[in-house]
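Engineer: This is the structure I want to talk about, given as structure tokens.
What follows draws every value from the coordinates through simple rules; no lab data is involved. All of these numbers come straight from a predicted model, not from anything done at the bench. Every residue, glycine among them, receives a Cβ derived from its backbone with ideal geometry; neighbour counts consider all protein chains shown.
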């Protein structure tokens, strides 16, 4: 592409080929991007379409994209009535909220201590936090399960939330954020008679709001979508969060009612996807934070 | 290989913002021309248009007589030194300098990683490139740095590597975009000297963009002062200093800034300053509104003043120490003008105190006059007999 | 200074107080379980069993001769081997194309990021339907072109590649965003300099500037993808339940530990899994050093 114009005499090239090349490369890149986008969107589109199609059409296996008979009401009603879909969602909200609140309550003071205070054990705590970053939940799952089994806590909200009360990632991220907070302001607050606790919550936290918001999005997305841990500690359908409920639903419904199943998938996916569409920037920032830290 | 640059009626707008409005300029072969002006005046955009990094909306660029308008930057045979040097951080200094040569001497295939080594002529060309890199590095005294990465170099060393990268291909013209602005004050003065020397030795055309009028004045053969997307004046540093074509030019060039005083003109062409008739006459029909005076044109008036000179009184507000010379700040007694600055030699200061009343004088021939539009107006030789003004 | 001592004591006191909950939870959630896990891995403990025997390294020896675990390991490595180059290179390609777009950039960003925010379990059921031999549109399309029906999720040679394509579908947008962040940190001047130096063509720009400057990002994206891919679980749990020879590492651990309650053996498998994750995490930590180098 480059050598051609280099080895030819420069005087030949003119505005028109450059324009032409630009249009051509734009066309090429759009077609690649649209092809990829079609691949990405295919499951979403098919999910929505199937959720409003009549069972006859679904069983025909037809490729015609538009439903002939609108059957959405029946499928969504089935998803909501035959399966406690709203109950799953409520469980998801309770678990995500409980986890996030505890994560922030534990991580914020610890992150502040690591960023701004000198005390024995600081180096050890930080080393443990960094080491903890590398350990996924699947590693301590076995002993944690045993502990919960021995204390009779399986099949509770607490069991679903407890392993996530401490987020080493939250501590690490907030420590980075708090470190940039000027020491002078903290010293001024001390001179004004504020306690350390007040300094954390009234002075430092408000300035770290973007980092906290980003972490919150990260945490909610991670736990709303988590299957592994609820699958282990919950076998009572009434307590299942959305992914586990969806799995129960899928196991029960396979081969019988794809329309309702797709309606269920739509309901489970909708809250996060809609929030994402509303808060695109923050969302992308929150989830990719792991990449920018 | 060498050649002047002709810039004709260049227009450029970014969206609704007009950046250049009809700039025309001829850079002579082998000259050091500075584009100077406040930030946002369009000087960097003009340089980028010359380089081909930006496309003009209208107008033409020719280098050595050949039209450049539809050529890519690499086809224009110009080299550019960027404000923050734009060295490739992942390459060593030597690789940075070699890049333009590698690009022009090796084909696209030969430049590919691994595959390129299959080409039989690649080694011979690489040896030639290495030789040229060493030659340029010697000229700039950076042979010892060739294996280091930009991150391991100081500001001045990076500057030299960037210069070497520009020099190595022996371009028709060097385009420099505020290359000294990231250096500390001391090094900047030193590099100024070195750049002038380099220009003299290479004899190539230099177009140099800066917002620093001292840089422009000290290094250039000619200076183009730009503001608001136009060239206000093009001339030698002396011309710009001694005969500014407009008040804007007068105010931009020179430090401390030129003093301006409001004046009025009567029907007969007589010029009045705060009610005083000055020994200056205007051609009939021309009206001036501003009088400007360089700080060195104003002298302390000890006792009687020389004939033909103009005298002003005021209160010495402050004396600023600048080593060998002092700058006096004088609050004038005339109501419309607040304050003027003038140069004092160290020995004159003895006995002077801040707050003291002093008289100063200046010669009418040192006065610059400007009309209401801010354009320079030449006075006529004085028609009346010498008079004295207090 | 009279205030030095009280303020130092205040820092010490608050520091200990503030970090105490974190320390306690860290011990309960990470340290004690990890030590327990290591201890368990040397025993034949089963949940509910009354006596426990010390096995030494037998569990590990058994794991590597166990055909099921061997298959799980092979499957996981195959999955990773497809997902890494696929989602890293595609993520890079899409990021490069999206980066060059001005008006449509945010539309593409949103579309490609959509799978990252959606619930994988729900989307897995959608994929199951999409790939259904009789009812799914993918086979419907293939049949309309005259190809025979393909059982993507039950044909043993296809099941892992199919799961990998779903994994790729989920991860490519995430990688694209990371690459876009990397691309935006490359100074524009470098491209200008390259333009003047004669390296302005698409190939030269990519090989001389974009690719080397993205080095740290690429390293990071690769390692992150690798760790995520190693943890593949949801799609297997929903789509195949490990049937048809489609076990993966985590699914094997899940079955041994939480279905058969062979805690000792599952603990050993977990440590093998951890070893893989740690190798990649260390690679990731070393990237930090390289990043400093360019600054």
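Engineer: Write down the Å³ per residue value for the convex hull defined by the alpha carbon atoms of chain B. Mind dumping the intermediate values first?
Structural biologist: Values: hull volume 70.0 nm³, N = 390.
Hull volume normalised by residue count: 180 Å³.
Engineer: Considering only C-alpha atoms, what is the centroid distance from region C:1-68 to region B:309-323, in Å?
Structural biologist: Distance between centres, Cα-based: 79 Å.
Engineer: Just counting partner chain Cβ atoms within 10 Å, what average do the residues of peptide A:258-266 show around their Cβ?
Structural biologist: On the way: counts 7, 0, 0, 5, 4, 0, 2, 9, 2.
Average per residue, whole number: 3.
Engineer: Same structure, new question: Rounding to the nearest 10 and keeping the result within 0 to 90°, find how far the Cα-based axis of helix B:185-202 lies from the longest principal axis of chain B.
Structural biologist: Roughly 70 degrees, rounded to the nearest 10.
Engineer: For region B:258-377, calculate the relative contact order in percent as a whole number, restricting contacts to Cα pairs under 8 Å that are 6 or more residues apart. Please list the in-between numbers first.
Structural biologist: Values: 255 pairs, mean separation 36.0, N = 120.
In percent, rounded to a whole number, it is 30.
Engineer: For labels at residue A:94 and residue B:318 in the simple 7 Å Cα→Cβ model, what's the distance in nm?
Structural biologist: Using points 7 Å along Cα→Cβ, the separation is 7.2 nm.
Engineer: Taking neighbour Cβ counts within 10 Å as the exposure measure, how do A:203, B:223, B:78 sort from fewest upward?
Structural biologist: Lowest count first: A:203, B:78, B:223.
Engineer: What percent does the relative contact order of chain A come to when contacts are Cα pairs within less than 8 Å and at least six residues apart? Could you put the intermediate results ahead of the total?
Structural biologist: Working: 255 pairs, mean separation 85.8, N = 293.
Worked out over chain A, it gives 29 percent.
Engineer: Oh, and also: Roughly how tilted is helix B:155-167, in degrees to the nearest 10 and between 0 and 90, from the longest Cα axis of chain B?
Structural biologist: 70
Engineer: Answer rounded, prolate or oblate for region A:186-251, using the Cα gyration tensor with square roots of eigenvalues a ≥ b ≥ c: rounded when a/c is under 1.5, else prolate when a/b is larger than b/c, else oblate. Mind showing how you got there, number by number?
Structural biologist: Details: a/c = 6.12, a/b = 3.43, b/c = 1.78.
Prolate, since a/c reaches 1.5 and a/b exceeds b/c.
Engineer: Answer rounded, prolate or oblate for region C:237-280, using the Cα gyration tensor with square roots of eigenvalues a ≥ b ≥ c: rounded when a/c is under 1.5, else prolate when a/b is larger than b/c, else oblate.
Structural biologist: Numbers: a/c = 2.88, a/b = 1.29, b/c = 2.24.
Oblate is the answer for region C:237-280, as a/c is 1.5 or above yet b/c matches or exceeds a/b.
Engineer: Could you calculate the contour length gain from residue A:64 to residue A:237, that is, 0.36 nm times the residue separation minus the distance between their Cα atoms, to one decimal place in nm? It would help to have the intermediate numbers written out before the result.
Structural biologist: On the way: separation 173, 0.36 × 173 = 62.28 nm, distance 3.63 nm.
So the chain would gain 58.6 nm between residue A:64 and residue A:237.
Engineer: Going by average Cβ neighbours within 10 Å, how do the peptides C:216-224, A:154-162, C:100-108, B:270-278 rank, with the highest at the top? Don't skip to the end; give the middle numbers.
Structural biologist: Working: C:216-224: 20.9, A:154-162: 18.7, C:100-108: 13.2, B:270-278: 16.2.
Result, highest mean Cβ count within 10 Å first: C:216-224, A:154-162, B:270-278, C:100-108.
Engineer: For A:224, A:64, which order do you get if you count the other beta carbons within 10 Å of each Cβ and list the fewest first? Intermediate results must be reported in sequence, preceding the final value.
Structural biologist: Values: A:224 21, A:64 12.
The most exposed by this proxy come first: A:64, A:224.
Engineer: If you wrap the protein assembly as shown's Cα atoms in a convex hull and average its projection over all directions, what's the area in nm²? Please report the intermediate quantities before stating the final value.
Structural biologist: Working: hull surface 225.1 nm².
Over all viewing directions, the protein assembly as shown projects a mean Cα-hull area of 56.3 nm².
Engineer: Within 10 Å of each Cβ of C:105-115, how many other protein chain Cβ atoms are there on average? Walk me through the numbers before you get to the answer.
Structural biologist: Values: counts 1, 2, 2, 6, 3, 6, 8, 6, 7, 9, 5.
Per-residue shielding by partner chains comes out at 5.
Engineer: Still on this structure: Highest GNM mean-square fluctuation, chain C, Cα pairs closer than 10 Å: which of C:264, C:215, C:200?
Structural biologist: Ranking C:264, C:215, C:200 by mean-square fluctuation puts C:200 first.
Engineer: Something else about it: For residue C:107 and residue B:334, what does the FRET efficiency come to when R0 = 51 Å and r is the distance between their Cβ atoms, rounded to the nearest 0.05?
Structural biologist: Numbers: r = 66 Å, r/R0 = 1.29.
Working from the Cβ atoms, E equals 0.20.
Engineer: Which of rounded, prolate or oblate describes region C:67-289 when judged by the alpha-carbon gyration tensor and an a/c cut-off of 1.5? Kindly include the intermediate steps, with their values, before the conclusion.
Structural biologist: Values: a/c = 2.65, a/b = 1.48, b/c = 1.79.
Since a/c reaches 1.5 but b/c is at least a/b, the shape of region C:67-289 is classed as oblate.
Engineer: Over chain A, with a Gaussian network built from C-alpha contacts below 10 Å, which listed residue (A:207, A:216, A:177) shows the highest mean-square fluctuation?
Structural biologist: Top of the fluctuation ranking is A:207.
Engineer: Give me the angle, in degrees from 0 to 90, between the Cα long axis of helix B:122-139 and the longest principal axis of the Cα atoms of chain B, rounded to the nearest 10.
Structural biologist: Computed tilt is about 30 degrees.
Engineer: Can you give me the three principal axis dimensions of chain A from its C-alpha atoms, in Å, biggest first?
Structural biologist: Taking the Cα atoms of chain A, the three principal extents are 72, 67, 34 Å.
Engineer: How would A:194, A:85 line up from fewest to most surrounding beta-carbon atoms within 10 angstrom?
Structural biologist: On the way: A:194 16, A:85 22.
Ascending Cβ contact count within 10 Å gives the list A:194, A:85.
Engineer: Follow-up question, since we're still on this one. Mind checking the mean number of beta-carbon atoms from other chains within 10 Å of the Cβ atoms in C:31-38?
Structural biologist: Details: counts 4, 4, 11, 6, 1, 6, 7, 1.
Taking all residues of C:31-38 together, the mean is 5.
Engineer: Apply 1/(1 + (r/R0)^6) to the Cβ-Cβ distance of residue A:45 and residue C:147, taking R0 = 35 Å, and write down the FRET efficiency to the nearest 0.05.
Structural biologist: On the way: r = 22 Å, r/R0 = 0.64.
Between residue A:45 and residue C:147 the formula returns 0.95.
Engineer: Rounded to the nearest 500, what is the protein assembly as shown's calculated 222 nm mean residue ellipticity when only DSSP H runs of at least 4 contribute -39500 (n - 2.57) each, over all residues?
Structural biologist: Details: 37 runs with 504 residues, N = 978.
About -16500 deg cm²/dmol.
Engineer: Also: Work out the FRET efficiency for residue C:64 and residue A:23 from their Cβ-Cβ distance, taking R0 = 51 Å, and round it to the nearest 0.05.
Structural biologist: On the way: r = 58 Å, r/R0 = 1.14.
For R0 = 51 Å, the calculated efficiency reads 0.30.
Engineer: Taking 8 Å as the Cα distance limit and 6 or more residues as the minimum spacing, I'd like the relative contact order of region A:190-293 as a percentage.
Structural biologist: Values: 46 pairs, mean separation 38.2, N = 104.
This gives 37 percent for region A:190-293.
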